[in-house]
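The values are calculated or read from the model by the stated rules, or taken from the named source; none is laboratory data. On a predicted model such as this, the values are computed, not experimentally measured, just so you know. Note that we place each Cβ from the backbone using ideal geometry, even for glycine, and neighbour counts take in every protein chain shown.
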């Protein structure tokens, strides 16, 4: 069965910013019911694909030439022959769009196409990837759009190679700034400006807007959220009002819709914890969730609550009986055999894998 492989390029300036628990919220509350995972495991798996920073680092580690040799050039017709292992069984991500005059229309999808093939850096030499991408473009695209796309690809790789120099200048500053729990937004803003200046050396305004416009908008949103969160002069209510005001002033677009959804998820987490701590009824929780994320999601979350409550009840029973077995049996091996039998009676295979971690979590809550 084919699957998509889409390298996610996180904006370099805010890699430290976006850890505002949005990814954890999405995984925690909107994952399919049959594939539930521990929250700690979810957070650690937040980003598995190659980022813009990762691509630039990988490219700089390559010692091959930017252009493919004649032998490599002749090795491909469609660009999809002999794909590396990581790309086998996947569908090419991205797009190549041309207008009625066969001129290239630069889109974010073109960058996704480049990133798709560049994600194989390390498995294939840079020269091979160049040959593969050029063959793919020319096989699927008429002139002059094909040559235009190939030229932009060369500039894109050169841009990625130049990025680490900027990262070196600001990496240590950001590390020091975050030691006290706050991000140095002035350093981040200056880094963003340096990256913007670098882009202007390689791309025209149209390409910059198409390739980086969306990620820049998310950067700006993330930075503003951090700026609000770090403002010690504002109360929590004032911060929430400031967040809502910023989002309301964004131009209507798909980006604004996504940001509103992310903001709702963040608020959902906070309000859920607050209401549960206050002993809110399941009906009150459902109404709050329906208002923020809609009825289908609210129903799934209610089911998650029921499953969690059921697990908690069985875990409490398990802990009580486990303690009894350990206190009554002088033979530790026999006691462990009985505990294993108890676990099999009360929990399925997936739940048994959670027991040790869940027990540790419960212990920290009581301390």
| note | From the option list 67, 90, 57, 78, single residue qualifying as surrounded by fewer than 16 Cβ atoms within 10 Å (Cβ to Cβ) and at pLDDT below 90 is 67
| said: I'd like the residue in region 200-217 that is under 25 Å from residue 183 (Cβ atoms) and out of contact with any helix residue (DSSP H, G or I) (no Cβ under 7 Å at 6 or more places or on another chain) and, out of all such residues, is surrounded by the fewest Cβ atoms within 10 Å (Cβ to Cβ). | reply: 213
| query | Restricting attention to region 273-309, which residues are within 25 Å of the chain's Cα centre (by Cα) and closer than 18 Å to residue 237 by Cβ? | reply | 273, 292
| query | Which condition number does residue 86 fail, the rest of (1) over 23 Å from the mean Cα position of the chain (by Cα); (2) over 28 Å from residue 255 (Cβ atoms) being met? | reply | (1)
| task | Identify, by number, the condition in (1) in contact with a helix residue (DSSP H, G or I) (Cβ under 9 Å, 6 or more places away or on another chain); (2) surrounded by 11 or more Cβ atoms within 10 Å (Cβ to Cβ) that residue 241 doesn't meet. | result | (1)
| said: residue 326 - would you say it is buried (at least 16 other Cβ atoms within 10 Å of the Cβ), in contact with a helix residue (DSSP H, G or I) (Cβ under 6 Å, 6 or more places away or on another chain) and either in contact (Cβ under 8 Å) with a residue 24 or more places away in the chain or in a helix (DSSP H, G or I) (or both)? | reply: no
